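Please treat every number below as a calculation from the coordinates, not as lab data. Values in this document were obtained by computation on a predicted structure and should not be read as measured data. Cβ placement follows ideal geometry from the backbone for every residue including glycine, while neighbour counts extend to all protein chains displayed.
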Amino acid sequence: MGAIDQTKPTGTYLSGKLLIAMPGIGDPRFERAVVLVCAHDEEHAMGLTVNRPVDGLMLADLLERLDIAAASETASGLDDPILIGGPVERERGFVLHTADYRSENSLPVGEDLALTATREVLEILAHGEGPRRSVMALGYAGWGAGQLEQELRDNVWLTCAADEALLFGDDHDHKWSQALAKLGIDPGLLSAVAGQA
């Protein structure tokens, strides 16, 4: 866990929006992925995949590995899975959460969300305090200057508004189709061949 670079503006571009991978994306790491864009400006974009749990790794397991004691074995959220946030820096952790909790190290993501990458937020979660809803992810998805914009022009991603059910819900197998449904799209009607009209 480390500090988040807050020197970049976060209120522009696609920050706070969801990216929905189109069929045939050509990168198995993002097949049927739903990615929340956490930061996006002219120099870079950063996001967390919200529908890929790490097999068999729960928040309680991670807290134990980090020697963070939970307030009780029944504390809320300890059975939540840890997500694979993306292929970049897979050892780095991020807590995506509702904006009712923010520390000086939190990065605002849209109006109602924040991202915190400190040990302190894990300690707060371990004691059953902090944000109303949260999810922990390891790693992130990253794009260089203009890269995400080009992928959007190439129809690699669709975009839609984020909502708590998609971000924090536990039906990871269906988040992709649920995100498409927000746009009125039947996944069975999508072509695996990308192109431009």
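Taking the number of other C-beta atoms within 10 Å as the exposure measure, put Cys160, Cys38 in order starting with the fewest. Walk me through the intermediate numbers first.
Working: Cys160 17, Cys38 27.
Lowest count first: Cys160, Cys38.
Here the peptides 114-120, 26-32, 166-172 are ranked by packing, the mean other Cβ count within 10 Å, and the order with the highest first is 114-120, 166-172, 26-32.
Take the Cα of Asp173, step 7 Å toward its Cβ, do the same at Gln147, and the gap between the two points is 3.2 nm.
Note down the magnitude of the dipole of the stretch 17-189 about its Cα centre, charges +1 on Lys and Arg C-beta and -1 on Asp and Glu C-beta and zero elsewhere, to the nearest 20 debye. Write out the running numbers ahead of the final one.
Working: 14 positive and 30 negative charges, 60 e Å.
Roughly 280 debye, rounded to the nearest 20.
Expected output is a single nm value to one decimal: the length gained when fully extending between Asp79 and His127, i.e. 0.36 nm times separation in residues minus the C-alpha distance. What is it? Don't jump to the answer; show the numbers that get you there.
On the way: separation 48, 0.36 × 48 = 17.28 nm, distance 1.39 nm.
So the extension gain works out to 15.9 nm.
Length gain on complete extension for the stretch Arg29 to Lys182, per 0.36 nm per residue less the alpha carbon to alpha carbon distance?
Taking Arg29 through Lys182 to full extension adds about 52.8 nm, to one decimal.
Counted residue by residue at 0.36 nm each, then reduced by the alpha carbon distance between them, the extension gain from Asp154 to Asp67 reaches 26.8 nm. Between Glu129, Glu64, Glu151, find the one with the highest GNM mean-square fluctuation for the chain; connect C-alpha pairs within less than 10 Å. The residue with the greatest mean-square fluctuation here is Glu64.
The antiparallel fraction among DSSP beta bridges confined to the chain stands at about 95%.
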